[in-house]
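The values are calculated or read from the model by the stated rules, or taken from the named source; none is laboratory data. In this text the structure is predicted, and so the values were computed from the model without any measurement. Reconstructed Cβ throughout: ideal geometry from the backbone, glycine too, with neighbour counts over all protein chains shown.
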Amino acid sequence: MKQKKREILCMWAVAILLMTAFVTANAQYDTKENAGQKNINSLQPPSIEWYKTFGETGYDMLYCVRQTDDGGYIAAGSTSDEEEIGHAWLVKIDANGNEEWSAKNLVNSGGAANIVTSYIELTDDGGYLVSGYNGVFGFMWKTDETGHTEWVKYYPPKSQGGDYGRLSMAQQTDDGGYVAICYKEVSSTDYDSMLIKTDSAGNVEWSKTYRYGNSLDELFSLSKTDDGGYVMGGYANTPDNVNYWVVKTDSQGNKQWEKTYGGVNWAASFARNACVQTDDGGYMVTGITDAYGAGKNDLWIVKTDENGNEEWNESFGESTDERCWSMDITDDGGYIFCLTKNYAGMSGNKGDVWIIKVDNEGNAVWSQTFGGSKEDRGYYISRTSDGGYIVAGRTESYGAGGSDGLLIKISPDEELSRPSIDVIKPKSGYIYLFDMLGIPFPFFEQALVLGDITFQVSTDSGAGNAEIAKVEYFINGVVVAEVTEQPFSYKWTGAEPGTYSIKVRVYNSWGGTDQETFAIKKVI
């Protein structure tokens with residue numbers, strides 16, 4: 001006990017000496033801090049121009065939507081008839097969301113939920129290629145520009161006498177053929193992933209297999225890269241946990257490198273377009289994690305360099321269970337994500353469509369939700385030629401009854417300003433003694449903390465009628481507090497000595513964010 005008192009007295013003595021010695025440095029340091037304050041222009045959440053539902057009283061959904069050359073849209077999904085027989089489904093829509101025609105194929109007696117038309121490609125001949133899976137069989141369904149079937153190819157798994165399995169995405173290649181990502185069934189508990197190259201009629205020309213371990217390792221996302229190769233994203237069972245898995249190949253599918261992200265923390269990607277090349281030659285990987293953010297499963301985005309080395313990561317979510325199904329790069333170099341909020345229906349609530357836009361540094365620009373009193377889900381998002389976005393999903397809150405296909409047109413972004421946040425206490429280059437005294441120590445890159453500390457921030461909601469909604473405090477990537485009332489401070493108590501990564505993030509009522517990240521050295 002006496003030893004402890006002597007240590008504290010010594011700290012006080014050092015503090016007094018430091019305060020005397022660094023008064024001048026303090027003024028210089030404050031000037032430097034003030035010069036670095038942020039002034040970021042950003043965007044207000046855009047309005048919903050229209051939403052349309054498609055289907056009858058059965059179970060209907062839309063998994064993917066793309067804009068067509070005439071300014072309209074083509075959407076792919078699944079639908080069921082009066083006998084609950086499922087069909088793959090194409091719907092052509094004009095620019096205002098009005099249906100022009102629809103087509104069905106690939107009958108499934110197990111109902112619409114067993115047919116997943118996960119992706120639609122606009123082909124060079126003006127037609128469409130739909131890829132997905134019917135139960136455990138992968139398929140490609142090629143139509144002309146009016147939806148009339150030209151051919152269908154199935155790709156059965158090992159258990160059905162084949163070498164393939166469920167297709168997640170297929171894209172057209174320069175020679176008029178197609179390249180598709182699917183899983184390869186080794187056993188009921190062991191899946192690998194496979195890239196298959198076909199001719200223009202869907203006949204397999206070559207295939208490459210990617211294996212991480214002896215468990216379920218699946219790649220769902222396929223994207224062409226600037227060098228003519230491909231990047232694929234999904235998840236793998238690593239020695240530490242389930243992690244993001246990214247594989248980069250050349251044009252012939254030969255693996256150039258692979259990376260996993262998450263480490264001991266659970267993170268999985270099931271989304272299409274979950275891994276895409278960015279404007280700087282790096283990559284953006286997206287999915288969900290239960291290790292960071294607000295709890296349960298949250299959106300987790302990882303930005304890498306051209307070799308797959310992580311540059312930064314961010315998480316967004318609520319205390320409910322979220323799922324991320326799709327992403328796209330925006331016209332201004334940011335990213336747009338399509339999620340289902342409250343996917344598991346916690347606390348009696350139902351899911352909603354949730355759209356989040358972030359800038360190229362991972363700050364949320366705006367978020368937009370859509371839904372009613374029942375279950376509503378967003379499955380795919382794509383930017384449109386007017387600078388807006390089109391979303392595909394399903395709804396139980398609106399439409400003819402049961403589950404209906406859903407399309408949402410979001411208007412272009414409007415330039416306004418988003419919130420800002422600055423940390424007042426603690427600041428890097430200061431020593432804080434038992435939450436009472438801050439002493440400048442500008443040669444120290446962290447904040448040195450003795451005892452408990454109260455985090456204090458200043459915030460601004462941005463222009464317009466936006467208000468500050470909340471401030472989140474993260475310790476080592478995990479939300480420890482959500483503060484919704486002024487002055488948005490938080491007292492951190494009882495922490496063990498060590499070095500901690502601290503992040504404070506402010507949200508305004510548009511869903512825009514700003515944040516500050518710094519390190520703290522906790523002494524006692």
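Of the numbered conditions (1) touching a helix residue (DSSP H, G or I) at 6+ places or on another chain (Cβ under 9 Å); (2) more than 21 Å from V116 (Cα to Cα); (3) not acidic (D, E), G229 satisfies every one except a single condition; which is it?
All conditions pass for G229, except number (1).
Condition first: outside any loop (DSSP other than H, G, I, E, B) and of a type in the set (G, A, S). Now tell me which residues in region 394-416 satisfy that.
Narrowing region 394-416 to residues outside any loop (DSSP other than H, G, I, E, B): 394-395, 403-410, 414-416.
Correct list: S403, G405.
Every residue in region 186-200 that is over 24 Å from the mean Cα position of the chain (by Cα), closer than 17 Å to K224 by Cβ and among the hydrophobic types (A, V, I, L, M, F, W, C), please.
I196
For region 213-241, give me the residue count where each residue is among the aromatic types (F, W, Y) and closer than 25 Å to A291 by Cβ. Please lay out each step first, then the result.
So the first thing to find is which residues in region 213-241 are among the aromatic types (F, W, Y), and the list is 220, 230, 235.
After this cut, where a residue has to be closer than 25 Å to A291 by Cβ as well, the list is 220, 235.
Final tally of qualifying residues: 2.
How many of the residues in region 158-172 are within 32 Å of the chain's Cα centre (by Cα) and either closer than 18 Å to N203 by Cβ or among the aliphatic types (A, V, I, L, M) (or both)?
Qualifying residue count for the region: 8.
If you scan region 350-390, which residues turn out to be under 18 Å from D328 (Cβ atoms), surrounded by fewer than 20 Cβ atoms within 10 Å (Cβ to Cβ) and either among the basic types (K, R) or outside the structural domain of F337 (by TED's automatic domain parsing) (or both)?
The answer is R383, and nothing else.
Checking W325 against (1) under 16 Å from G362 (Cβ atoms); (2) touching a residue at least 40 places away in the same chain (Cβ under 8 Å), which single condition isn't satisfied?
All conditions are met except number (1).
Is it the case that K303 is over 28 Å from N342 (Cβ atoms) and among the charged types (D, E, K, R)? Walk me through it before giving the result.
Working: over 28 Å from N342 (Cβ atoms): no; among the charged types (D, E, K, R): yes.
So K303 fails the test.
Please specify each residue of region 50-88 satisfying the condition of being farther than 15 Å from S403 by Cα and in contact with a His (Cβ under 7 Å, 6 or more places away or on another chain).
None; the set is empty.
Taking only pairs six or more apart or across chains, which ones have beta-carbon atoms under 8 Å, a first residue in region 164-181 that is farther than 11 Å from M194 by Cα, and a second residue that is among the basic types (K, R)?
Between residues of region 164-181 that are farther than 11 Å from M194 by Cα and residues that are among the basic types (K, R), the close pairs are M169/R272; Q171/K224; T173/K197; G177/K197; Y178/K197.
For (1) within 29 Å of D125 (Cα to Cα); (2) not small (G, A, S), each residue gets a yes or a no:
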| position | (1), (2) |
| --- | --- |
| D163 | no, yes |
| R166 | yes, yes |
| Q172 | yes, yes |
| S187 | no, no |
| Y191 | no, yes |
| G202 | yes, no |
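Taking into account only those residues within region 44-55 that are modelled with pLDDT of 95 or more and buried (at least 20 other Cβ atoms within 10 Å of the Cβ), which is farthest from S367 (Cα to Cα)?
F54
Mind counting the residues in region 211-240 that are surrounded by 19 or more Cβ atoms within 10 Å (Cβ to Cβ) and assigned to a loop (DSSP other than H, G, I, E, B)?
3
Going by what's in this entry, would S315 be described as assigned to a strand (DSSP E or B), closer than 13 Å to V479 by Cβ and either assigned by TED's automatic domain parsing to the domain that holds D352 or in contact with a Ser or Thr (Cβ under 8 Å, 6 or more places away or on another chain) (or both)?
Working: assigned to a strand (DSSP E or B): yes; closer than 13 Å to V479 by Cβ: yes; either assigned by TED's automatic domain parsing to the domain that holds D352 or in contact with a Ser or Thr (Cβ under 8 Å, 6 or more places away or on another chain) (or both): yes.
Yes.
Inside region 99-210, counting only strands (runs of 3 or more DSSP E) that do not spill past its ends, which hold 1 or more residues that are assigned by TED's automatic domain parsing to the domain that holds N237 and out of contact with any Gly (no Cβ under 7 Å at 6 or more places or on another chain)?
The strands (runs of 3 or more DSSP E) meeting that bar are 115-122, 128-134, 137-143, 149-155, 167-172, 178-187, 190-198, 204-210.
Go over the candidates K197, K259 one by one and state the one that is modelled with pLDDT of 95 or more and over 21 Å from E121 (Cα atoms).
K259
Restricted to region 256-277, and to residues that are surrounded by fewer than 17 Cβ atoms within 10 Å (Cβ to Cβ) and in contact (Cβ under 8 Å) with a residue 40 or more places away in the chain, which residue is nearest to T340 (Cα to Cα)?
Among them, the one singled out is E258.
Which one of the conditions (1) part of a strand (DSSP E or B); (2) modelled with pLDDT of 90 or more does I439 fail to meet, given that it meets all the rest?
(2)
When you go through G72, G58 one by one, which is the residue that is modelled with pLDDT under 95, surrounded by fewer than 21 Cβ atoms within 10 Å (Cβ to Cβ) and not aliphatic (A, V, I, L, M)? Full working, then the answer.
On the way: G72 fails: modelled with pLDDT under 95.
Going through G72, G58 in turn, the sole match is G58.
I'm told G281 meets every condition in (1) free of Cβ contacts under 8 Å to residues at least 40 places away in the same chain; (2) of a type outside the set (A, V, I, L, M, F, W, C); (3) surrounded by fewer than 20 Cβ atoms within 10 Å (Cβ to Cβ) except one. Can you identify the failing condition by its number?
Failing condition for G281: (1).
In region 416-447, how many residues are touching a residue at least 40 places away in the same chain (Cβ under 8 Å), among the small types (G, A, S) and under 14 Å from I520 (Cβ atoms)?
3
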